[in-house]
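Okay, structure first, notes after.
Rule-based calculations on the coordinates, nothing more; no lab input. From a predicted model like this one, the values you see are computed outputs, not experimental measurements. Because the Cβ atoms are built from the backbone with ideal geometry, glycine has one as well, and the counts that use them run over all protein chains shown.
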Amino acid sequence: MNLVLVEHADGVATDVSLQALALAEGLGGDLHALLIGQGGAQAAQGVPAAVAHVAEHDALDVFAPDAWAAIVCGLAERIGATAIVAPGSERATDAMARAAVRLGEPLAANCTAVTPGDPIALTRVRWGGSLLEEARLHAGRALLTVAPHAVAPVGPGSPGSIETFTPELAEADLVVRVRDRVAPPEGGVSLADAKVVVSGGRGVGSAEGFAAIEELASLLGGAVGCSRAVTMSGWRPHTDQVGQTGNKIAPEIYIACGVSGATQHIAGCKGAKRILAVNTDPEAPIMSVADYAVVGDLHEVLPAISAELRARGR
Ligand SMILES: Cc1cc2nc3c(=O)[nH]c(=O)nc-3n(C[C@H](O)[C@H](O)[C@H](O)COP(=O)(O)OP(=O)(O)OC[C@H]3O[C@@H](n4cnc5c(N)ncnc54)[C@H](O)[C@@H]3O)c2cc1C
């Protein structure tokens, strides 16, 4: 039997957690799910697992990675899980790395496929998405995270049962925890959920140049993203960055404007269903991954698209 760490937000399991459940199904055996903190009991109702375990504790109102690791390890031990699977989100990866240290087991991060057995055979994403590694996991208890948006999620369902418990947490488990949150600007669509993302790179030229990107994103009901060259220049916050060291997203369409298409950038947007590149350079690497391209100056192309959308009543 295997245990899946299921993250949740607003009372529902996150998409990447449903993807982790799908990959864990490939290991065979019963699936147990673990949901931690406030809202877990509500989210558990939509999780297709034999048992959904919900950990509730006053200290779990905020993210505390060591507490999560303690809960994961404690529950895995109690139910005798042979593998622990988690989404490759930042929080779950943080907690799983700490769980691996506690258990003295290896952690296979960013898996995209598994074949059960001893050892488990797996495929995982390496080097920012530029390499797929075939590996064997030799472990007493297998710990895996699942590359975001690389596996189709499980369909809707409900658990066989829901079991709520209060974990025992030591003071040391709560030393690292979230102390403050900076809310994104009101009203916008989040980068993670947006169906359309309009992204700007160094070619935008300045922070002010993002007005044209913001306008198009707003007309399309989308979100704004950017490259690391942009965050390094201080034109946009790091929360907007797409790529290996930024957000990994999977919108319906990704509109990359003035972005060259470095592998570290593509690592964050290759889950997009379609990519439209706007670039002055027809030889830019982004052209080799783009489904559509406009070769031209984004400062002319974007206002023209926005004007056309307005004319059509958007
Ligand atoms: C360990 C590591 C991690 C990294 N992580 C990330 C990451 O998470 N995300 C990320 O983005 N990068 C990341 N990078 C950096 C990455 O290698 C590139 O340096 C970066 O993506 C380049 O950003 P850019 O495409 O905006 O800029 P550039 O490469 O400078 O490209 C600018 C593009 O704009 C075009 N252009 C210029 N003017 C115009 C115009 N007026 N209209 C239209 N097009 C125009 C140019 O032709 C060019 O193609 C990482 C690097 C390392 C080493």
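Listed peptides 105-113, 120-128, 3-11 appear in the order 3-11, 105-113, 120-128 once ranked by packing, highest mean of other Cβ atoms within 10 Å at the front.
The string of couplings for the range 290-303 from the Karplus curve (6.51, -1.76, 1.60, θ = phi - 60°) is 7, 7, 9, 9, 10, 8, x, 7, 4, 6, 9, 5, 5, x Hz, one whole number per residue in order, with x for Gly and Pro.
Residues whose amide H comes within less than 5 Å of that of I255, counting only those at least five positions distant or on another chain, are V197, V198, S199, L276 (H built at 1.01 Å from N in the peptide plane).
Per residue, the chain reaches -7500 deg cm²/dmol at 222 nm when only DSSP H runs of four or more residues are counted, each adding -39500 (n - 2.57). A crude spin-label estimate for the pair R310 and D94, with each label 7 Å from Cα along the Cβ direction, gives 4.2 nm.
Rounded to two decimals, the Cα radius of gyration of the range 92-245 over 2.2 N^0.38 Å is 1.36. Altogether, the Stokes-Einstein calculation at 20 °C and 1.002 mPa s, with the Kirkwood radius of the range 175-314 over Cα pairs as Rh, returns a diffusion coefficient of 142 µm²/s. The alpha-carbon atoms of the chain define a convex hull whose volume equals 139 cubic angstrom per residue. Shape analysis of the range 133-179 based on the Cα gyration tensor places the equivalent ellipsoid semi-axes at 28, 22, 15 Å, largest first. Per-residue 3J(HN,Hα) values for the range 241-254, derived from phi via the Karplus relation 6.51 cos²θ - 1.76 cosθ + 1.60 with θ = phi - 60°, read 6, 10, x, 4, 10, x, 7, 10, 10, 9, x, 5, 9, 10 Hz in sequence order (x marks Gly and Pro).
Annotation: amide H-H contacts under 5 Å for G88 (H modelled 1.01 Å from N, sequence separation of 5 or more, or interchain): V146. How high is the FRET efficiency from D297 to W127, r the C-beta distance, R0 35 Å, rounded to 0.05? E(calc), rounded to 0.05, equals 0.60.
Looking at the P(r) of the range 1-154, how many percent of alpha-carbon pairs lie beyond 24 Å?
23 percent
Restricted to Cα atoms, the range 78-158 shows a radius of gyration and a Dmax of 12.7, 39 angstrom.
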